[in-house]
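Worksheet for the structure shown next.
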Amino acid sequence: MNQRTHQLQIPTRGKGLYDFTVEIEKWLAGIPAETGLLTVFCRHSSASLVIQENADPDVRRDLADFFERLAPADPKLYRHTAEGPDDMTSHIRSALTHTSLSIPLHQARLALGTWQGVYLFEHRSAPHRRNVVLHLIYE
Amino acid sequence: MNQRTHQLQIPTRGKGLYDFTVEIEKWLAGIPAETGLLTVFCRHSSASLVIQENADPDVRRDLADFFERLAPADPKLYRHTAEGPDDMTSHIRSALTHTSLSIPLHQARLALGTWQGVYLFEHRSAPHRRNVVLHLIYE
Amino acid sequence: MNQRTHQLQIPTRGKGLYDFTVEIEKWLAGIPAETGLLTVFCRHSSASLVIQENADPDVRRDLADFFERLAPADPKLYRHTAEGPDDMTSHIRSALTHTSLSIPLHQARLALGTWQGVYLFEHRSAPHRRNVVLHLIYE
C-alpha cells in the first residue's frame, strides 16, 4: 500500500460549477494504481465540492439557481457581511454541499458512474484560485 | 493492510429511503477485518446516500416530505426537464445529501451508532437498480 | 501503513456549532504520522459534522439561523415528534450536513485551509454528550 498527495489550483470566474474530473485523472495517470481510495478535499469554506451530472450544462445552471433561491444574498438575513452580500451565503452553500469526497479506484479507474463529474462549486461572485488537495491510497 | 472492493445493486420502487446496512454487513462478514475504513460510493447523480435513524419509519417519511417541499417538482423552476418533473429535483436532492460516505471499522464492527442505518435515497419516481461501490481498507 | 482509531466525547450545551479541531490535533500529536488520511465520523443522526470558517463567530450564528428557517421546529410539519419539536428537525439538518468527513494529512499536518475548523453541529435543544470516532491511516 502506498500514498500520494497533490494540490490542484482551480481558477474560477466567479459563481458556478467547474468540472475538474480531467485534472484529477491526469494526476492519477502518472501513478501505477490498480485499486485504491481517492480523497478530494477543498481547503475553503466559501467554495465546495459536488459530484454531479456531466452531460447537460442546464443541470449546473438549475443547481446554481436553486442555491440562489435557497440562500439568497439578502444582507438583512445575515450578521456576517464583512466581505459583501455573497459572503455568508457562500458559507451556507458550502455547508450544504461537500468539503470532502471519497471515490474508490477499481481496475485502475475511478468508480464514477457514466454521467458523474467532479465539480468545484464556487460560491463567491469574484474570480478565485481554489486549492483542492488530492490524496490517494493505492496498490 | 489490504483492500477489497465490491459493487451492490440496490433495487428501488421509486422515491424513498432504502436501508441497505444489512447488505453491507453481509459483505463485510466474509472479510477478516479487525480495523479499517469502509467507503460507500453511489454511482448516480439522481440517487444518493444518507445515514439516518433506523428505528421509526416516520423519520424517513418526514425526511422525504421535507425534500419535496425544499425542491418541489415544479417544471417552471427548471430548464433541465428532459426526463420529466422529477429529473432536476433529483440532482438537487442528490447534491444536498451524499454521494460518498466513510465509516470506520473498529473491533470488526462498523462504527455506526445504535440508531444509525445506511440508506440509499432514491429521488426518481420510477423504480431503478442503483449501483453502490463498497471499498474497504483493513487489517 | 498503520491505523489508529479513537473516540472523542464532545459535550454540547444544546443547539449550535462546537469547534473540536484542537481535540483532533491533540490526538494526532501523539502519532508519528507524516502522510495519511483522517476520517471523522459522528455516531448520531441528530447531530452532525461540518467544516466551516473559524474566524468570525457570526458565521456560526448565521448558519444556525439559516437552518432554523430552512427546517423550522413546527410540529404540524412532521409525523416524528416523539422527542419534541426539535426531534425531526435534527434528523433533517443532519442529513443536509455531514456524518463523515475525510481530511488528508500532509507533512504531519491536516490539510485544513487557514480559515477552516472542524465543528460538531448539535441540533437538539438539550445538552448532549456526542460520540465522534476518529480513524487515521498513516505512515
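The values are calculated or read from the model by the stated rules, or taken from the named source; none is laboratory data. Predicted model, so just to flag it, every value in this text is computed and none were measured. Here the Cβ is made from the backbone with ideal geometry for all residues, glycine too, and neighbour counts use every protein chain on show. With ligands, DNA and RNA removed, areas are computed over all heavy atoms of the protein, side chains included. Shrake-Rupley method; radii C 1.70, N 1.55, O 1.52, S 1.80 Å.
Output the residues belonging to the range A:97-111 that are crowded, with 19+ Cβ neighbours inside 10 Å and in a loop (DSSP other than H, G, I, E, B).
Correct list: A:T97, A:T99, A:A111.
What tally of residues in the range C:78-96 results from selecting those that are more than 18 Å from B:R69 (Cα to Cα) and in contact with a helix residue (DSSP H, G or I) (Cβ under 8 Å, 6 or more places away or on another chain)? Working first, answer last.
Quick first cut of the range C:78-96, residues more than 18 Å from B:R69 (Cα to Cα) only: C:81-87.
Next cut, in contact with a helix residue (DSSP H, G or I) (Cβ under 8 Å, 6 or more places away or on another chain) only: C:81, C:85.
Selection size over the range C:78-96: 2.
Provide a single number: the residues in the range A:77-109 that are of a type in the set (S, T, N, Q) and away from chain B (no Cβ under 14 Å).
If we filter the range A:77-109 for residues that are of a type in the set (S, T, N, Q), which is where we start, we get A:81, A:89-90, A:94, A:97, A:99-100, A:102, A:107.
Still in the list and also away from chain B (no Cβ under 14 Å): A:81, A:89-90.
Residues flagged as of a type in the set (S, T, N, Q) and away from chain B (no Cβ under 14 Å) within the range A:77-109 amount to 3.
Search the range C:46-75 for residues being touching a Phe, Trp or Tyr at 6+ places or on another chain (Cβ under 6 Å) and within 14 Å of chain B (Cβ to nearest Cβ), and hand back the single one that is farthest from C:P127 (Cα to Cα).
Only one residue fits best here, namely C:V50.
Take the range C:118-132 and flag every residue that is part of a strand (DSSP E or B), buried (at least 21 other Cβ atoms within 10 Å of the Cβ) and of a type outside the set (D, E).
In the first step, residues of the range C:118-132 are kept if they are part of a strand (DSSP E or B); the result is C:118-122, C:129-132.
Still in the running and buried (at least 21 other Cβ atoms within 10 Å of the Cβ): C:118-122, C:130, C:132.
Listed by number, the residues that qualify are C:V118, C:Y119, C:L120, C:F121, C:R130, C:V132.
Based on what the data block shows, is A:D19 more than 30 Å from C:L105 (Cα to Cα) and out of contact with any Cys (no Cβ under 9 Å at 6 or more places or on another chain)? Reasoning before the result, please.
Working: more than 30 Å from C:L105 (Cα to Cα): no; out of contact with any Cys (no Cβ under 9 Å at 6 or more places or on another chain): yes.
In short, no.
Has the range A:80-95 got any residue that is modelled with pLDDT under 95 and within 14 Å of A:Y18 (Cβ to Cβ)?
no
Any idea which of (1) hydroxyl-bearing (S, T, Y); (2) open to solvent by less than 60 Å² (accessible area, probe 1.4 Å); (3) assigned to a loop (DSSP other than H, G, I, E, B) is the one C:S94 doesn't satisfy?
For C:S94, the exception is condition (3).
Which members of the range B:25-41 meet the condition of being under 12 Å from B:L112 (Cβ atoms) and within 14 Å of chain A (Cβ to nearest Cβ)?
Just the residues of the range B:25-41 that are under 12 Å from B:L112 (Cβ atoms), to begin with: B:25, B:28, B:38, B:40.
Within the range B:25-41, B:L38, B:V40 meet the criteria.
Out of the range B:37-79, which residues are crowded, with 20+ Cβ neighbours inside 10 Å and without any contact (Cβ under 8 Å) to a residue 60 or more places away in the chain?
Answer for the range B:37-79, where residues must be crowded, with 20+ Cβ neighbours inside 10 Å and without any contact (Cβ under 8 Å) to a residue 60 or more places away in the chain: B:S45, B:V59, B:R60, B:D62, B:L63, B:F66, B:F67, B:A71, B:Y78.
Which condition does A:E83 not pass, out of (1) more than 19 Å from C:T97 (Cα to Cα); (2) of a type in the set (D, E, K, R); (3) not in a loop (DSSP other than H, G, I, E, B), if it passes all the others?
Only one criterion in (1) more than 19 Å from C:T97 (Cα to Cα); (2) of a type in the set (D, E, K, R); (3) not in a loop (DSSP other than H, G, I, E, B) is unmet by A:E83, namely (3).
Could you go through the range A:82-91 and let me know if any residue there is among the polar types (S, T, N, Q) and open to solvent by less than 10 Å² (accessible area, probe 1.4 Å).
Step one: list which residues in the range A:82-91 are among the polar types (S, T, N, Q), which gives A:89-90.
Now drop any that are not open to solvent by less than 10 Å² (accessible area, probe 1.4 Å), which leaves A:89-90.
Yes, some residue in the range A:82-91 is among the polar types (S, T, N, Q) and open to solvent by less than 10 Å² (accessible area, probe 1.4 Å).
Output the residue which, of all residues in the range A:1-32 that are closer than 16 Å to A:I103 by Cα and without any contact (Cβ under 8 Å) to a residue 40 or more places away in the chain, is most open to solvent (accessible area, probe 1.4 Å).
Within the range A:1-32, the match that is most open to solvent (accessible area, probe 1.4 Å) is A:K26.
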